[in-house]
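Data first, discussion second: the structure below is written as structure tokens.
The values are calculated or read from the model by the stated rules, or taken from the named source; none is laboratory data. Every value quoted in this text rests on a predicted model; they were computed, and no experiment measured them. Quick reminder, even Gly has a Cβ in these numbers, built from the backbone with ideal geometry, and neighbours come from all protein chains shown. To get the accessible areas, we keep the full protein, side chains included, count just its heavy atoms, and leave off ligands, DNA and RNA. Shrake-Rupley method; radii C 1.70, N 1.55, O 1.52, S 1.80 Å.
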Amino acid sequence: MVLTKRIIPCLDLKDGRVVKGTNFLNLRDAGDPVELAQRYNEQGADEVVFLDITASKEQRGTIIEVVSRAADQLFLPLTVGGGIRTLEDMQQLLRAGADKVSINTSAVQDPTLISRGAERFGTQCIVVAMDVRRNFEERLGTTGIELPDGRTCWYEVVIYGGSRPTGIDAVTWAKNAEERGAGEILLTSMETDGTKAGFDIAITSAISERVGIPVIASGGVGTLDHFYDGFVAGRADACLAASVFHYGEFTVRQVKEHLAARGIPVRL
Amino acid sequence: MKKIAIIDYGVGNLRSVYRGLERAGADATITADAAVIAAADGIVLPGVGAFREGMEMLGDLQETVIAASREVPVLGICLGMQMLMESSEEHGTHNGLGLVPGSVKRFPPAPGMKVPHMGWNSLRIEQDDPLFDGLMNERYVYFVHSFYAATTPECTLTTTEYICPFASSIKSGNAYGVQFHPEKSGAVGLRLLENFIERIC
């Protein structure tokens with residue numbers, strides 16, 4: 001009897017539809033979010049994440065409608081992110097039926113959003129999502145991470161959907177987020193996202209070992225073994241994937257059966 | 001149809017609790033009205049967030065819930081369960097509703113173990129109760145919490161193991177509590193809500 005490792009399908013939403021692109025570009029339509037979420041639920045998904053990737057630029061409202069429809073039909077945990085800037089935004093989504101809200105760019109711009117959100121809605125509600133990429137320029141105060149090829153770099157937090165570097169060290173930011181009351185870290189590496197070459201193990205394990213809150217690995221899954229590597233080598237508490245599930249390369253159940261066969265505790 | 005009052009004290013995702021109870025066959029109402037609460041066949045005390053804030057937000061409804069629990073079953077969920085206890089050690093010592101003996105404690109630090117305890121873990125049934133009718137031992141339910149209720153073995157219906165074994169479902173008189181979220185625990189959770197409505201209320 002142990003806490004099981006979680007498999008979390010992620011649905012990137014644009015105007016209320018699921019989309020998937022490579023490195024945040026070339027978006028393709030992948031269906032109705034609630035329909036897909038229901039399918040994942042039936043396959044044994046442990047949670048579902050909705051990320052509204054256009055919310056920063058366009059109208060909100062469609063996401064609220066999607067969340068309420070999903071919450072009415074699904075009895076499993078629901079995380080919503082994208083364009084959340086204020087406590088009122090959080091409140092609206094939680095009222096609509098979200099269990100957790102994920103903040104990314106807005107948390108970097110105003111880290112008190114983490115503490116204020118945690119104080120008002122509880123630590124367990126606040127997921128800090130971070131997009132990171134490798135930086136090989138030497139800089140004081142950064143956390144050196146050794147890559148599998150022997151090179152050393154640090155990971156930099158990037159915001160606005162991966163388009164703007166911040167100069168912030170990813171490990172430092174993760175610890176800062178935890179101290180401010182984040183309940184969970186959703187870590188996406190821009191190096192691996194969309195590549196199907198596997199999670200970015202180096203940064204995932206570095207952060208997971210240094211924080212006391214759960215870490216969700218994201219970006220790069222292409223095979224069943226990549227999930228295993230994410231949990232074992234990456235020390236992730238949950239693995240998130242989008243396209244492999246959307247395009248039916250394998251089901252959530254197949255992933256879990258594979259993990260169970262390799263000795264990882266999962267809910268089947 | 002059983003009338004279930006979901007206590008609305010301004011916290012959390014009440015919509016899922018409401019839909020879960022509705023799906024499980026209840027005539028559910030989200031309410032802060034003492035008269036509606038007093039007229040219900042059963043009460044659900046939901047909640048997420050911090051203990052002291054929860055008790056403060058509950059305010060005058062504390063007495064309403066205590067009074068109602070003399071007549072009808074009360075089901076506390078997550079923070080709602082913790083508030084049934086005598087006290088909590090979350091950010092200082094604070095009094096709870098005192099319906100179940102014991103106090104709420106933080107998980108002790110343990111190497112490699114993350115807090116909050118977040119995700120699906122299983123229930124070991126320690127005492128038979130109608131709440132678990134039709135549910136086998138060791139079924140998975142969804143947890144999100146950093147604190148747990150330390151109570152007596154007599155009041156412990158199920159235990160779950162994380163860092164230490166803790167009471168994941170409790171009962172004392174009419175007061176029931178579950179540390180996990182039945183409304184987020186798929187078919188197992190819905191069955192448990194149905195049991196509460198049909199077999200306990």
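Annotations for the structure displayed:
- The lone criterion from (1) modelled with pLDDT under 90; (2) not in a loop (DSSP other than H, G, I, E, B) left unmet by A:Thr54 is number (2).
Yes or no, residue by residue, for (1) among the hydroxyl-bearing types (Ser, Thr, Tyr); (2) within 11 Å of chain A (Cβ to nearest Cβ); (3) within 23 Å of B:Ala26 (Cα to Cα); (4) not in a helix (DSSP H, G or I):
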| site | (1), (2), (3), (4) |
| --- | --- |
| B:Leu123 | no, yes, no, yes |
| B:Leu131 | no, no, yes, no |
| B:Val141 | no, yes, yes, yes |
| B:Thr159 | yes, yes, no, yes |
| B:Pro165 | no, yes, no, yes |
| B:Ile170 | no, no, yes, yes |
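- Residue check for A:Gly230: surrounded by fewer than 18 Cβ atoms within 10 Å (Cβ to Cβ) and either over 29 Å from A:Ala118 (Cβ atoms) or among the small types (Gly, Ala, Ser) (or both): no
- Total residues in the stretch B:110-140, condition in contact with a strand residue (DSSP E or B) (Cβ under 6 Å, 6 or more places away or on another chain), among the aliphatic types (A, V, I, L, M) and closer than 23 Å to B:Val48 by Cα: 2
- Here A:Val221 meets the list (1) in contact with a Phe, Trp or Tyr (Cβ under 9 Å, 6 or more places away or on another chain); (2) of a type outside the set (Asp, Glu); (3) within 13 Å of another protein chain (Cβ to nearest Cβ); (4) open to solvent by 10 Å² or more (accessible area, probe 1.4 Å) almost entirely, failing just condition (3).
- Of all the residues in the stretch B:143-157, those that are in a strand (DSSP E or B) and not aromatic (Phe, Trp, Tyr) number 6.
- Residue identified as within 14 Å of another protein chain (Cβ to nearest Cβ) and not in a loop (DSSP other than H, G, I, E, B) among A:Ile185, A:Ile168: A:Ile185
- Single residue of A:Thr79, A:Thr62, A:Thr86 found to be over 15 Å from A:Gly161 (Cα atoms), crowded, with 24+ Cβ neighbours inside 10 Å and either at pLDDT below 90 or not aromatic (Phe, Trp, Tyr) (or both): A:Thr79
- Residue list for the stretch A:192-236, filter: more than 15 Å from A:Pro148 (Cα to Cα), small (Gly, Ala, Ser) and part of a helix (DSSP H, G or I): A:Ser208
- Within the stretch A:196-207, at least one residue is under 20 Å from A:Val252 (Cβ atoms), out of contact with any Leu (no Cβ under 8 Å at 6 or more places or on another chain) and aromatic (Phe, Trp, Tyr).
- Qualifying residue in the stretch B:60-78 (condition: within 14 Å of chain A (Cβ to nearest Cβ) and either within 23 Å of A:Cys125 (Cα to Cα) or touching a residue at least 40 places away in the same chain (Cβ under 8 Å) (or both)): yes
- Selection within the stretch A:122-165: residues that are out of contact with any strand residue (DSSP E or B) (no Cβ under 8 Å at 6 or more places or on another chain) and buried (at least 18 other Cβ atoms within 10 Å of the Cβ). The member of this set that is farthest from the other protein chains (Cβ to nearest Cβ) is A:Thr123.
- Which listed residue is away from chain B (no Cβ under 14 Å), of a type in the set (Gly, Ala, Ser) and either touching a Phe, Trp or Tyr at 6+ places or on another chain (Cβ under 7 Å) or open to solvent by 10 Å² or more (accessible area, probe 1.4 Å) (or both), from A:Gly212, A:Gly248: A:Gly248
- Every residue from the stretch A:100-120 that is open to solvent by less than 20 Å² (accessible area, probe 1.4 Å) and within 13 Å of chain B (Cβ to nearest Cβ): A:Lys100, A:Val101, A:Gly117, A:Ala118
- Selection of the stretch B:172-189 for residues being surrounded by 19 or more Cβ atoms within 10 Å (Cβ to Cβ), of a type outside the set (Val, Ile, Thr) and in a helix (DSSP H, G or I) yields B:Pro182, B:Glu183, B:Lys184, B:Gly186, B:Gly189.
- Pair list, Cβ under 8 Å, 6 or more apart: the stretch A:246-264 residue free of Cβ contacts under 8 Å to residues at least 40 places away in the same chain, other residue exposed (fewer than 15 other Cβ atoms within 10 Å of the Cβ) and part of a helix (DSSP H, G or I): A:His258/A:Asp225
- Only residues that are open to solvent by less than 60 Å² (accessible area, probe 1.4 Å) and modelled with pLDDT of 95 or more were counted in the stretch B:1-11, giving 5.
- Helices (runs of 4 or more DSSP H) completely within the stretch B:12-120 that count 3 or more residues being open to solvent by 10 Å² or more (accessible area, probe 1.4 Å): B:14-23, B:34-38, B:51-58, B:61-68
- Residues of the stretch B:98-121 satisfying the condition of being more than 9 Å from every other protein chain (Cβ to nearest Cβ) and on the phi > 0 side of the Ramachandran plot: B:Gly98, B:Gly102
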